[in-house]
1. Please report the net charge: other residues with Cβ closer than 14 Å to the Cβ of V14, K and R +1, D and E -1.
2. Rounded to the nearest 0.05, what FRET efficiency is calculated for E131 and D19 with R0 set to 45 Å and r the Cβ-Cβ distance?
3. Using 1/(1 + (r/R0)^6) with R0 = 30 angstrom and r between the beta carbons of N27 and R72, what's the FRET efficiency to the nearest 0.05?
4. If you add up the charges near R79, with Lys and Arg at +1 and Asp and Glu at -1, over every other residue whose beta carbon is less than 14 angstrom from its beta carbon, what do you get?
5. Quick one: with all protein chains in place, what share of the accessible area of region 1-144 is carbon or sulfur, to the nearest percent (1.4 Å probe)?
6. Modelled label-to-label distance, T144 and F114, 7 Å Cα→beta-carbon offset: nm?
7. How large is ³J(HN,Hα), in whole Hz, for each residue of region 46-53 in order, when computed from phi with the Karplus curve 6.51 cos²θ - 1.76 cosθ + 1.60 and θ = phi - 60°, using x for Gly and Pro?
8. Going by a ≥ b ≥ c, the root eigenvalues of the Cα gyration tensor, does region 93-137 fall in the rounded group (a/c under 1.5), the prolate group (a/b larger than b/c) or the oblate group?
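The values are calculated or read from the model by the stated rules, or taken from the named source; none is laboratory data. Note that this is a predicted model, so its numbers are computed, not measured. Note: ideal-geometry Cβ built from the backbone for every residue, glycine included; neighbour counts use all protein chains shown. Surface accessibility is based on the protein's heavy atoms, side chains included, excluding ligands, DNA and RNA. Shrake-Rupley method; radii C 1.70, N 1.55, O 1.52, S 1.80 Å.
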Amino acid sequence: MDKYVVEIENLRKVYRVGDEKVVALDNVSLKIRSGEICCILGTSGSGKSTLLHLIAGLEKPTRGSIKINGNRIDTMNERQLALFRQRFIGFVFQSYNLLPTLTALENVCLPLTFRGVKKSIREREAARMLEAVGLKTHMKHLPTQMSGGQQQRVGIARAFVCKPALLLADEPTGNLDSKTTREIKELILKLARANRQTLIIVSHDSDVAGIADRVVHILDGSIEKIEDNFVSEG
Ligand code: ADP
Ligand code: MG
């Protein structure tokens with residue numbers, strides 16, 4: 001039997017701005033298997049980021065349920081959500097979201113600090129992770145002293161350092177040139193596959209789609225179709 005890391009049912013998200021109502025997601029149901037690489041594909045404004053934020057527990061749905069590793073997160077309070085994110089979620093942002101006054105090593109240490117890992121161990125783990133993303137020589141660099149691709153490598157190291165079951169990447173290469181884009185995508189996929197972590201990667205172009213296990217096409221806040229690239233056994 002398949003184990004699902006993400007189980008979403010009938011999800012709806014409405015944003016209200018003044019008198020305007022935007023239906024960002026409607027009638028979205030989706031299950032994602034443990035270890036799956038899932039690509040969310042859709043044009044700008046189709047609801048991709050909204051979906052990722054709901055899965056990460058960063059926002060509440062207007063209607064519908066979200067289970068992560070069997071736990072309902074849509075009914076959790078803020079404190080429970082913060083703990084849930086610490087334990088289960090790694091997030092890679094399009095704009096890296098590094099803390100500008102912290103070095104690469106300190107940025108990667110942060111999630112370990114929140115988990116209460118002691119200093120010597122978190123520095124060892126963060127250094128190991130930075131080495132794995134190819135930044136052995138840049139541990140002491142500040143974000144402003146690194147290229148976009150290097151900053152995103154730090155962002156990736158930070159997302160993976162706690163070995164979360166679920167990694168969410170929201171257009172992680174949206175600000176990068178095409179060569180760096182390829183390298184960064186390969187790095188994220190390699191790390192996720194190596195540790196059998198579940199990865200949901202959002203993209204507006206179809207080049208991740210070919211290497212994902214499944215591609216979920218989103219159109220105007222709803223799932224338009226799902227392409228299954230799983231190789232069936234037997
Ligand atoms: P995508 O990531 O696919 O570009 P988003 O999920 O960011 O799309 O946005 C989907 C829709 O929801 C858009 O119409 C957007 O304007 C709206 N939206 C997203 N976030 C907010 C917000 N915080 N407040 C109001 N409207 C929002
Ligand atoms: Mg977006």
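1. On the way: positive: R12, K13, R16, K21, K60, R63; negative: D19, E20, D26, E59, D220.
Local net charge: +1.
2. Working: r = 53 Å, r/R0 = 1.18.
After rounding, the FRET efficiency stands at 0.25.
3. Working: r = 19 Å, r/R0 = 0.63.
Calculated value: 0.95.
4. Numbers: positive: R85, R87; negative: E78.
Its environment carries a net charge of +1.
5. Working: 3900 of 7800 Å².
The computed percentage sits at 50.
6. In this crude spin-label approximation the distance works out to 2.5 nm.
7. Computed from phi, the couplings for region 46-53 are 7, x, 4, 5, 4, 4, 5, 5 Hz.
8. Details: a/c = 1.90, a/b = 1.19, b/c = 1.60.
It comes out oblate by the Cα gyration axes.
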